[in-house]
Structures are given as C-alpha cells and as structure tokens.
Amino acid sequence: MKYISTRGGIAPISFKKAVMMGLAIDGGLLLPQTMPVVDEKTVAAWGRLSYPELAHAVLSLFIDDIPADDLRELINRSYATFSHPEITPLVQKGGVHILELFHGPTLAFKDVALQFLGNVFDYLLRESGEKMNIVGATSGDTGSAAIYGVRGKERINIFILHPHKRVSAVQELQMTTVIDANVFNLAIRGTFDDGQAIVKSLFNDIPFKQQYHLGAVNSINWARILAQVVYYIFAALKLTGQGGKVDFAVPTGNFGDIFAGFIARKLLPGRIRHLVLATNENNLLTRFVLQGDYSLGKVVQTSSPSMDIQVASNFERYLYFLYDEDAGRTKEAMTHFAQSGSLHFSESEQQKIRAAFLSASVSRQQTLAIIRDFHQVSGYVLDPHTAVGVSAGLDHLDPAVPMVCLATAHPAKFGAAVQQAIGRPPEMPESFRDLDKRESRCRVLDADLAQIKAFIEENAI
Ligand SMILES: *Cc1c(COP(=O)(O)O)cnc(C)c1O
C-alpha cells in the first residue's frame, strides 16, 4: 500500500514514510493510493474478532511495511492501557447505541489514535536510530492524550503548550501530573491561538525544525485516522451481524473522526448507511452538508470546546473523494479557499454529499437540554460533546436502523456543563479522584516565540 497527496505533488510513499511526514510536503494530506476491497467472507470473519484482533486485520490492509507480529504487538500495547475489556464497548440507552470511546488513559476518544501513534513513532525511531521532539499546542484534550501516548518513551521528548489558566482544572491536572522526564508542559500567558501561532512559527523555521527533529501529533496524521476506522467497523459488525444497516452520529470539529467513519463506510459496502455530522454553534460543516456552503465564520465558545473550530483540518481528505480523486481539482479548490475563505458546491455535488452525510447543528441550550432529558429517560450521563452527537442522532433517528452515537469524552472531563444540566456533578472515575494530590510539573512562560524556542533548545533530546 502506497500513499499519495490530495494535491498530487509527491511520488507515492510507504506507510512508514507517511506517518513520519504527517502533512504532505506539497501542503496536501496523505491518503492511500487505492482503497482496499474487502469481500463478504472477510467481513463475516471480522465479526468474530476481539477489538485488538480486528484492529490488526483492518490495519494490515493499509500497512504492509511493518511485519505482522510487530504490528500485532504495537496494537496490543496500545489498547492494554484501556480500562474496559472490550476497549470501545457499545451500550444501548435512550433508544440509541452509545459507542463509548473514553476508556483510555485520558478519558477521551483521542486516546484510541494517540496511544497507537505514540507506539508507532517509538517503533520507527528505534528502527532508524533517530530521535524526535514533539511540539504541539492544545486547548485541552489533544495535549493530554498526546502526552499519555509518548510518556516514558526513550527517543521522544514532548513539549505541549496550553493557555495558562484557560483550560479546565481537570484538563490542566491531567497534563501537568505526568512527570516523566521526557514530558514538558508549558503554560503560555496568552490564548490557545497564541500557542498555536508559536507552534506554527517553529515548524515554519526549517533549520530549527530539522536540527531538532520536530514532530507533530495533530489530527492530520494518517495513522490517527486509520486507528479510528476500527471502532466504526467493530460497532457496525456487532449490530449488522445478521445483515441490515446502521447509522452513526458523530460530534465533529476537525472532520477527523467522521472521516474515519467515511473510510469505514467505503470498506463495508452497504452496512453503514448515513453518517450524521453533528456540530455545535460552530456550524461550518453543517452548512457544508445542508447548503453546499463551506465558508469561514467566527469561532464562538460553547460547552463542547474540543469542537470550537472553524477550519476543519481533515476536510481536504473528503474533498479529494468528492472530486472523484482528482488531485488537481482538490489543489485548486484549497488554493481558492485559502484566498477567499469559502467554497461552494453544485447541486450534483450536494446530492453526492447527502448520500453519505446528514447533519445538524446543536446550540448550547439544546446541548444542556439533551444532557438533562437523556439522563432523565435513561439514567445515563452524556458529556457535552457526546450530547451534541446524540441530539443530532435523535433528530435523524429511523426506527428501522440502529443509530450509533459516538461518546467522545467521559462526562467527568466536562463536569461544569454536566452539573449545569443535571444539577449535580458527574461521578469521578477512579483514575481522576486523586489527580489534585499528585505531584505536578509545569513551566509558565510568556507567549513569546524566542522564549519558547530557547526552552526547547535547552530541553530537546
Ligand atoms: C477532538 C474531539 C472531538 C472532535 O473530533 P474531530 O476529529 O476533531 O472531529 C469531539 N469530542 C471530543 C471530546 C474531542 O476531544
């Protein structure tokens, strides 16, 4: 399996190279050159596998340059950190199926991908004898999942910038209580955007980037998407073992998670009917699905902060498929978008979009209402991101087709919104209870490029 760029500017590369490259060097995103075809017999056999076995079967279709036993070991190690024996269990509540993706070490779905990516990086660096300094900015969830993905790894140091006192108390503690020698938490006196801008400048400084072997863990890495394809297949096969179809409702920010669903839909022809794309008030992607209008708005703050995003960094991957794998057209469209901040789609393109996707945008009030109502009806507590997905899923519920709603975070991560909705704080999982008593380590710095750069130079591996 070789990988190409959505913008057509690179010669096909192997999986290993694609993981290390992250963003394609022509500015596009990496995708498989051809999509594997899976026959019904294979699909039927997949239905009998455990989560790690299924992950191995699916990932092997896309990874042919890591020996099978090594890949199995990487997968087993990645999911041994999950606290549930089924890794991503499916529970039936309130008329829908909730796919719980939050049993990893940081209690959000990003662990599914970042535990795997951390182990793949570690494996590839051992093989090449190289080292890597991961640098990233976070508004909360990605930072802790990335830190847990690489903590204690010999050939990797990680520097995560978060806005000082602007992430939730739990999110801050989740990051700063990881005191492994290779983990550096930097609290920046400024906003998330300031942190993001600094990280961007560091990556654009090519001599610096090369000298310190900077690595990224953002959601455009193909290995992250690939790891997420697995739970869609896992859930779909549980519910369609005897035939039939299933719909998925997915709370979306960067179009990453739902793009993994789109790939799963391609791999399992006829089994996944609709992907319900759920946005909060940052509804760029809902306007895209419903009106064929992909134009930038202003970011507003909601109770589901991990979806407070306007530019969906994985959107380009879907665009490439919408344009029938025409890289020239994709490049042209992305250039136009960079200049004008908008893209418009024809009636026939819109029909194609709506054959796969339904969509709804869910307001802050609706989010609180659904947390409250769902709890009343089923006794189950939703986190605000999951609630956005459940609300959109219930809007599009078809009694003849099971609706799987992705639960992307444990409610305890977003306790304030949950308390507002149901009048009491969510129950704290075991691993959270003593968080504020653990030793923590964090450095507070100004939002100043020179200071951050000096800190990294001093502490790089
Ligand atoms: C990151 C995140 C999302 C959005 O996922 P995308 O892949 O960016 O669409 C949803 N919910 C939670 C809890 C997240 O952390």
Selection from ALA80, LEU101, TRP46 lying farthest towards where the dipole of segment 1-107 points positive, charges on Cβ: LEU101
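In the neighborhood of ASP205, defined by Cβ-to-Cβ distances under 14 Å, what is the net charge if each Lys or Arg adds +1 and each Asp or Glu adds -1? Display every interim value, and only then the final one.
On the way: positive: LYS200, LYS209, LYS453; negative: GLU457.
Residues close to ASP205 contribute a combined charge of +2.
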Using 1/(1 + (r/R0)^6) with R0 = 45 angstrom and r between the beta carbons of GLU439 and GLN92, what's the FRET efficiency to the nearest 0.05? 0.65
Using a Förster distance of 30 Å, how high is the FRET efficiency between SER363 and ASP324, based on the Cβ-Cβ distance and rounded to 0.05? 0.25
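Ranked highest first by average number of other Cβ atoms within 10 Å, how do 287-298, 419-430 line up? Intermediate results must be reported in sequence, preceding the final value.
Values: 287-298: 16.2, 419-430: 14.5.
Final packing ranking: 287-298, 419-430.
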With a 1.4 Å probe and all protein chains left in place, how much accessible area per residue does the chain have, in Å²? 40 Å²
Just how large is the dipole of segment 302-461 about the Cα centre, in debye to the nearest 20, putting +1 at every Lys and Arg Cβ and -1 at every Asp and Glu Cβ? 400 debye
For the chain, the Cα-Cα pair-distance distribution in 10 Å bins from 0, as whole percents, is 4, 21, 33, 29, 12, 1, 0
If you rank GLU458, GLU100, GLU325 by how much accessible surface each has, with a 1.4 Å probe, what is the order from largest down? GLU458, GLU325, GLU100
Taking 0.36 nm per residue of separation between LYS298 and ASP180 and subtracting their Cα-Cα distance, the length gained on full extension comes to 38.7 nm
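Treating only the Cβ of Lys, Arg, Asp and Glu as charged (+1, +1, -1, -1), what charge dipole size does segment 382-457 show about its Cα centre? Round to the nearest 20 debye.
Values: 8 positive and 11 negative charges, 47 e Å.
Roughly 220 debye for segment 382-457.
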Measure up LYS245/LYS266; LYS110/LYS298; LYS41/LYS266 against 19 Å on the Cα-Cα distance and list the ones that go over. LYS110/LYS298
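With the radius of gyration and the Kirkwood radius both derived from the Cα set of segment 418-459, what is their ratio Rg to Rh? Mind dumping the intermediate values first?
Working: Rg = 18.1 Å, Rh = 14.2 Å.
Ratio value, two decimals: 1.28.
Considering only Cα-Cα distances, which of the following residue pairs are longer than 29 Å: LYS209/LYS437; LYS16/LYS331; LYS16/LYS200? It would help to have the intermediate numbers written out before the result.
Working: LYS209/LYS437 37 Å; LYS16/LYS331 24 Å; LYS16/LYS200 24 Å.
As for pairs spanning more than 29 Å Cα to Cα, those are LYS209/LYS437.
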Over segment 1-128, one equal point on each Cα, no solvent: what is log10 I(q)/I(0) by the Debye formula at q = 0.13, 0.14, 0.17, 0.21 Å⁻¹? -0.66, -0.76, -1.05, -1.30
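I want to verify the translational diffusion coefficient of segment 138-268 in µm²/s; compute it with Stokes-Einstein, Rh as the Kirkwood radius over Cα pairs, at 20 °C and 1.002 mPa s.
126 µm²/s
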Relative to the present Cα-Cα distance, how much length would full extension add between LYS2 and GLN376 at 0.36 nm per residue of separation? 129.7 nm
Enumerate the amide H contacts of SER359 below 5 Å, restricted to partners 5 or more residues apart or on another chain; note that Pro and chain-start residues carry no placed amide H. LEU277
Packing-based order for 5-13, 53-61, using average beta carbon neighbours within 10 Å, highest first: 53-61, 5-13
If you filter segment 128-212 for GluC sites (Glu not before Pro), then keep DSSP loop positions with at most 13 other Cβ within 10 Å, what is left? GLU130, GLU154
Can you grab the distance from the C-alpha centre of segment 28-99 to the C-alpha centre of segment 250-325, Å, no decimals? 22 Å
Evaluate the relative contact order of segment 1-48 (contact order divided by residue number), counting alpha-carbon pairs under 8 angstrom at least 6 apart; express in whole percent. 39 percent
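If packing is taken as the average number of other Cβ atoms within 10 Å across a peptide's residues, how do 104-114, 184-194 rank, most packed first?
Going from most to least packed, we get 104-114, 184-194.
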Rounded if a/c is under 1.5, else prolate if a/b is larger than b/c, else oblate: which is segment 319-461, with a ≥ b ≥ c the root eigenvalues of its Cα gyration tensor? oblate
How are the alpha carbon pair distances in segment 382-457 distributed across 5 Å bins from zero to the largest one, expressed in percent? 3, 12, 13, 13, 11, 11, 13, 10, 7, 4, 2, 1
Quick one: which residues, 5 or more positions from ILE134 or on another chain, have an amide H under 5 Å from its amide H? H modelled 1.01 Å from N in the peptide plane, none for Pro or chain starts. ASN157, ILE158, PHE159, GLY215
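Can you tally the net charge around LYS131? Count Lys and Arg as +1, Asp and Glu as -1, for every other residue whose Cβ sits under 12 Å from the Cβ of LYS131.
Working: positive: ARG126, LYS153, ARG155; negative: ASP122, GLU130, GLU154.
Neighbour charge sum, excluding LYS131 itself: 0.
What Kirkwood Rh does segment 284-354 have if only Cα atoms enter the pairwise 1/r average? Answer in Å. All intermediate terms of the calculation are to be shown ahead of the outcome.
Numbers: mean 1/r = 0.0775 Å⁻¹.
Its Kirkwood hydrodynamic radius stands at 12.9 Å.
How much of the accessible area of the chain, probe 1.4 Å, is carbon plus sulfur, in whole percent? Before the final figure, lay out each step's value.
Details: 9110 of 18390 Å².
Carbon and sulfur atoms account for 50 percent of the accessible area of the chain.
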Lys and Arg at +1, Asp and Glu at -1: add these up for the other residues within a Cβ distance under 14 Å of LYS93 and post the number. -3
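Assign unit charges at the C-beta atoms only (+1 for Lys and Arg, -1 for Asp and Glu), then state the dipole size of segment 1-99 relative to its Cα centre in Debye, rounded to the nearest 20. Before the final figure, lay out the partial values.
On the way: 9 positive and 10 negative charges, 48 e Å.
Computed charge dipole of segment 1-99: roughly 240 debye.
The values are calculated or read from the model by the stated rules, or taken from the named source; none is laboratory data. Computed from a predicted model, the values in this text were never measured in an experiment. So basically every Cβ, Gly included, is an ideal-geometry build from the backbone, and we count neighbours across all protein chains shown. Heads up: the accessible areas ignore ligands, DNA and RNA and are worked out on the full protein's heavy atoms, side chains in. Shrake-Rupley method; radii C 1.70, N 1.55, O 1.52, S 1.80 Å.
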